[in-house]
Amino acid sequence: MQDLVARRRALLGPNVSTFYDEPVHIVRGEGVWLWDADGRKYLDCYNNVPHVGHCNPRVVEAICKQASTLNTHTRYLHEGILNYVERLTATFDDPLKTAILTCTGSEANDIALRMAEAMTGKRGIIATDATYHGNTTLVSHLSKSNVPEVGFGLDQYLRHVEAPDSLRISDPDGQHFAAKVQEAIDDLEQSGIGFAALIVCPLFLNEGFPTQKEGWLKPAAEAARRAGGLVICDEVQSGFGRCGTHFWAHQKQGVIPDIVTMGKPMGNGHPVAGLVTSAEIMARFRKSFRYFNTFGGNPVSCAAAMAVLEELQEKQLQDHARKMGLLAYDRLMELAAKYPVIGDVRQSGMVFGAEFVLDHDSKEPAVSFTDRVVNKMRHRGFILSKLGRHKNTLKIRPPMPFAEEHLDLLITALDEVIGEAVKSI
Ligand SMILES: Cc1ncc(COP(=O)(O)O)c(C=O)c1O
């Protein structure tokens, strides 16, 4: 392992992160299980990219079949992309019926922001102050935690609003958040930059997935629309049935965005991403920019993405996620009753977690405690992580086939690990 770490540093450069104090060297995956180079088995409670399970046979077969027939780009006619976009857009409400396919979520967000500029003639973008939307020059500015030292001065177009936090900020109806968005809109307009778009993950997953009732995002979306801007929902993490109650998390939030971006789970690990928008926005963008992406929407990517949709629908994985989320919530609440260090429990279908605090009154984040739990779980054979502004919330976001028997294993291990870790708080 030391050799691999040294080779990485020499070949990939410094500051290339790995998970855990002791990195994991994974060599094989199947369903919700991973194996390391020593043959040790891990329960994957973290990875949302292998959405329908690691090495899902239907997806693997679809990729192999198409790769052994043809793979080119979208400047030739091919049914694959059309059949896929038809099936994909059938999961959206009107008027979201046209798509661009890319290779990464970052590219999709980058296009979405340019669509907002094309539609409004303005450049001001609003995001939360604890988010991540990707790594292009423009999109990287959306992440306050990772503001680059180089970036062509594009940060002047960004305004960050305080991320929602259901444990610390009382905002039951989303009015407080909407007021912050309005302040940022006013500031952009006064500065002469003007307001083009609000971009958010509808579950605020990177922010720590605060508990919100259905429709919570509506007031902020209304503020954006009143000001003539676009609403962009980044569903790179939250989409494709993960939230359980709906196929897309914006539907849970009672909002029909102008643009929805997607990626990670879309091809089950094959690099396919994209966005869906209205015919009007698409036409305006296509007129203002002749967009082409060499790999985006190629026949192999579309075959992989189609197989993911088929698998989700045939195995009813969205409803499975809904049921598992409720079950996970109950089981985590049992742990919360036992361990005061759990300050809050969250779930939104197949994404759930617990926020650790040092004190229920001050709600001081138990940051190093969370880190210890994550690392101890890794040593016990459970892959999970942490997120949120303070990185003190467990990030449990497994492949969708994660079932009750896996939850039992996870909760038993968490119970023991938290019990051990609280002794040295
Ligand atoms: C919400 C969100 N949007 C966009 C991205 C960027 O996607 P990609 O890494 O495919 O460019 C990420 C990646 O972590 C993400 O979490």
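With the Cα gyration tensor of the stretch 202-361 in hand, convert its eigenvalues to equivalent ellipsoid semi-axes via √(5λ) and list them largest first in whole Å.
Details: eigenvalues 212, 92, 34 Å².
They are 33, 21, 13 Å, listed from largest to smallest.
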### Query
Given the convex hull over the Cα atoms of the stretch 98-255, what projected area results after averaging over all orientations, in nm²?
9.0 nm²
#### Entry: Under 14 Å from LYS218, Cα to Cα: aspartates and glutamates that are on another chain or at least 8 residues apart
ASP171, ASP173, ASP258
### Query
DSSP H helices in the chain with Cα extent of 30 Å or more along the helix axis and mean Kyte-Doolittle hydropathy at least -0.5?
317-338
### Summary
The ³J(HN,Hα) series, computed from each phi in the stretch 159-172 with the Karplus coefficients 6.51, -1.76 and 1.60 at θ = phi - 60°, rounded to the nearest Hz and given as x for glycine or proline, is 10, 9, 9, 4, 5, x, 8, 5, 7, 10, 10, 7, 8, x
### Query
Mind checking which lysines have their C-alpha under 18 Å from LYS338, skipping anything on the same chain fewer than 8 residues away?
LYS363, LYS423
### Message
Please compare each pair in LYS144/LYS323; LYS264/LYS315; LYS97/LYS180 to a cut-off of 24 Å on the Cα-Cα distance and tell me which ones are over it.
### Response
LYS144/LYS323; LYS97/LYS180
### Rel. contact order, % - alpha carbon contacts under 8 angstrom, at least six apart, the stretch 57-314
30 percent
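Can you pull the percent of the chain's accessible area that's carbon plus sulfur, 1.4 Å probe, other chains left in place?
It is 51 percent, rounded to a whole number.
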#### Entry: Average projected area [Cα convex hull, the stretch 173-216], square nanometres
3.5 nm²
### Query
Given a 1.4 Å probe, how much area per residue of the chain is accessible, in Å²?
44 Å²
### Query
Packing-wise, with mean Cβ within 10 Å as the measure, how do 61-73, 81-93, 349-361 rank, highest first?
349-361, 81-93, 61-73
### Summary
Taking the reciprocal of mean 1/r across every pair of different Cα atoms in the stretch 55-120, the Kirkwood radius in Å is 14.4 Å
### Task
In whole angstrom, note down how far apart the Cα centers of the stretch 319-369 and the stretch 102-141 are.
31 Å
### Message
Out of all DSSP beta bridges in the stretch 57-314, what portion is antiparallel? Express it as a percent rounded to 5.
### Response
40 percent
### Relative packing of 249-259, 307-317, which averages over residues the other C-beta atoms within 10 Å, highest first
249-259, 307-317
## Note on the structure
By the Cα gyration tensor axes a ≥ b ≥ c (a/c under 1.5 gives rounded; else a/b larger than b/c gives prolate, otherwise oblate), the shape of the stretch 275-322 is oblate
### Query
Taking the alpha-carbon centroid of each part, what is the distance from the stretch 36-75 to the stretch 181-195 in angstrom?
44 Å
### Ranked packing of 282-288, 105-111, most packed first, by mean Cβ within 10 Å
105-111, 282-288
### Message
For a test of the definition: using alpha carbon positions, the gyration tensor, and the 1.5 limit on a/c, classify the stretch 1-85 as rounded, prolate or oblate.
### Response
prolate
## Note on the structure
Classified through the alpha carbon gyration tensor (a ≥ b ≥ c as square roots of its eigenvalues; rounded if a/c is under 1.5, else prolate when a/b is larger than b/c, else oblate), the stretch 4-149 comes out oblate
### Query
Can you list the equivalent-ellipsoid semi-axes of the chain, largest first and in whole Å, using the square root of 5 times each Cα gyration tensor eigenvalue?
33, 28, 21
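Taking only C-alpha pairs under 8 Å that are 6+ residues apart, what is the relative contact order of the stretch 249-290 in percent?
Computed over the stretch 249-290, the figure is 30 percent.
So what is the relative contact order of the stretch 205-292, in percent, for Cα pairs below 8 Å that sit 6 or more residues apart? Provide the component values of the computation, followed by the final result.
Working: 103 pairs, mean separation 20.9, N = 88.
Across the stretch 205-292, relative contact order equals 24 percent.
The values are calculated or read from the model by the stated rules, or taken from the named source; none is laboratory data. Model, not experiment: these values are computed from the prediction. Using ideal geometry, Cβ is built from the backbone for each residue, glycine included, and neighbour counts are taken over all protein chains shown. To get the accessible areas, we keep the full protein, side chains included, count just its heavy atoms, and leave off ligands, DNA and RNA. Shrake-Rupley method; radii C 1.70, N 1.55, O 1.52, S 1.80 Å.
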